[in-house]
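Structure first, then comments.
Every read-out reported here was derived from the displayed coordinates using simple, explicitly stated rules and does not represent laboratory data. Worth saying up front: this structure is predicted, and the values here are computed from it rather than measured. We place every Cβ from the backbone using ideal geometry, glycine too, and count neighbours over all the protein chains shown.
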Amino acid sequence: MIKSMTAFGRSRFSLNGRAYILEIQSVNRKGLEISVNLPTDLAFLEIFLRSELKKICQRGYVTCKILYDSSANHRISSEAFKKIHESLMGIAREIDPSYKVSFDHVLEVALRGAGILEIEGGEAEKVVKKALDDATNDFILMRIDEGEALGDDISDRLCQIAKTCKRISEKGAEAPLRLKERLTERIKEVAPLGPEDQDRLMREVVIYADKADITEEITRLNSHIDQMQELVEGKKERKEEAVGRTLEFLLQEMAREINTTSAKSQDLEIINEVIFIKREIEKIREQVQNIE
């Protein structure tokens, strides 16, 4: 199964009566790069979130951010209210034992969410892990759906390249005969062909056929196509799920073989087919850049 590196996921959660939004999004990158943006009161969760994101992503530029949910209808629980009151009373006793913390003071702090309460790490990790799981469900589904679309497009283009390779192979076998006919016609325009001319002509054709033989290149090209199809269709088992780098390598080798084919062949019909394959390889390359 191939996955796209472009995806988005979102979830909501609350801690100490405060509502938050967790968002994950990713775009393509050669390696894995993770960016975590958190509010001050949750900054201690950065290492935890990075560790969790590495479990679900192998490539891409992944951004995870937690924002205050300003659209939520905040409800302050009596337990949270009591904790805020206790925290304020503790601070007041240290500064001025005679100072009394009023209900209005507690309410103001609660509504502003000034971060008076310390969030317990274990509790926060548990809540944020649940929110992260909820967000990654949509995130992963989007990666899979887009990956399937990319895979279908790549598979169709590989089929067209394979058909073109077959035509090139057939035309490659006929190319020496076409060369012989062209040379024969040109020589006849100058003078009739004698026995020595026939021998010399055949030697030239044999030399051309040897230099222009593209059998090995087409064989290797077809092998690369088969390997790519197996990866795209998920038929080839792999220890790691990310196949993007392998696809990039196979594309590079395909381009190498088709360039050699182009350099060897002087036949116009083959060159036209080669141009088509080069265009398709570049289109596939653009798609592969988005695959994890």
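What the table shows:
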quantity	calculated
Modelled FRET efficiency - R0 45 Å, Lys55 with Ser87, Cβ distances, 0.05 increments	0.80
Estimated FRET transfer efficiency when R0 is 45 angstrom, pair Asp145-Ala263 (beta carbons, to 0.05)	0.65
Cα→Cβ-extended label distance, 7 Å offset, between Ala43 and Glu230, nm	5.1 nm
Theoretical gain in end-to-end length, Tyr99 to Glu23 [0.36 nm per residue, Cα-Cα removed]	23.1 nm
Cα-projected label distance for Arg256 with Thr219, points at 7 Å along beta-carbon direction, nm	1.7 nm
Entries of Lys83/Lys129; Lys54/Lys83; Lys82/Lys130; Lys55/Lys278; Lys30/Lys171; Lys54/Lys166 with Cα pairs more than 32 Å apart	Lys54/Lys83; Lys55/Lys278; Lys30/Lys171; Lys54/Lys166
